[in-house]
Every structure is written in structure tokens, then in C-alpha cells.
Amino acid sequence: MTYTDKQLTAVCAQLVHRLYNNTCAYPGCLVTGEMCQIAHIMGKGAYVHWRWAICNQLVLCHVHHNWYDGRAGSKLQAQATRELRKAHGFLFAECDKLKRTTPEPWTPAAKRAKLAQLRQALEQVTK
Ligand SMILES: [Zn+2]
């Protein structure tokens, strides 16, 4: 990852944590703070281009992140996907739309523009 990639990832994380009040987005889960992390609706591996799309990110606690990513077995993964889709359907719908589009390449200029846009959004939500 380049320096700009790291900055993009860091600003995204700050913004998304803020948007979720640093609380796990799993329905009924009240875990906050250090136990929470950024989860990607569309996996970073298969959908690397969308890793900085805000609609592709959720705050999940360690346990629910493991469930969603399938590290706790396919049964819990299916449950987590169902529950998160029910609770955050609009995000999943946006991600489904993105999957059908052809992404613009990440040129250095495009990354800088995205970074400026995200920083502005972060400034707005932290006011
Ligand atoms: Zn949780």
C-alpha cells in the first residue's frame, strides 16, 4: 500500500467509526470502542476497488466481524449476512449496484480527490 492508500484507509476508518458512533452495527450488539473494527460488505480481496467506498464499510465488533467474514463457520456467516442485510439493507443495495459498474482506475489524482472528499466528509461529521 502506498502512503495515499494508507491515508485513505485511515480517513475511511475514522469516518465510518464516527458514522456508527463507534458501536457494532450488528442488530442488538452493544459492543463499542476498541473491540470494534471496520468490516467490508464486499470483501477487500474480490472487490479491492471498492475498499474505500463508504457504503462498503460497517463497524463490527471482533465477534460479528468473524461471523460475517466466515471465520466462525458458514452457518454463522449466513446468519450474520441475513441480519446485517435486514438492518442495513440500503448499504447492501448500494454495494450490489457498485458490483455491476465498471470502476474508474485508481490514478494518483483520483486517490487524492477521494482523500480530499473523505476528509471533508469527516470534518462535517466531527463538527
Ligand atoms: Zn457485535
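Between the stretch 17-75 and the stretch 1-16, how many Å separate their Cα centres?
Spelled out, the Cα-based centre of one part sits 16 Å from the other.
With respect to the cross-link table entries 44/111; 6/44; 6/86, which display a Cα-Cα separation exceeding 25 Å?
6/86
Kirkwood hydrodynamic radius, computed over distinct alpha-carbon pairs, for the chain: how many Å, to one decimal?
Across the chain, the inverse of the average 1/r is 15.2 Å.
Among 75, 99, 44, which one shows the biggest mean-square fluctuation in a GNM of the chain, springs joining Cα atoms closer than 10 Å?
Comparing 75, 99, 44 in the GNM, the peak value goes to 75.
Strictly under 4.7 angstrom between C-beta atoms: which cysteines of the chain have no such partner?
That list is 12, 36, 55, 95.
Specify the angular offset, from 0 to 90 degrees and rounded to the nearest 10, of the alpha carbon long axis of helix 74-87 from the longest principal axis of the alpha carbons in the chain.
70
Every number in this text was worked out from the coordinates using simple rules, so none of it is lab data. Predicted model, so just to flag it, every value in this text is computed and none were measured. Positions of Cβ are generated from backbone atoms using ideal geometry, with glycine treated the same way; all protein chains shown enter the neighbour counts.
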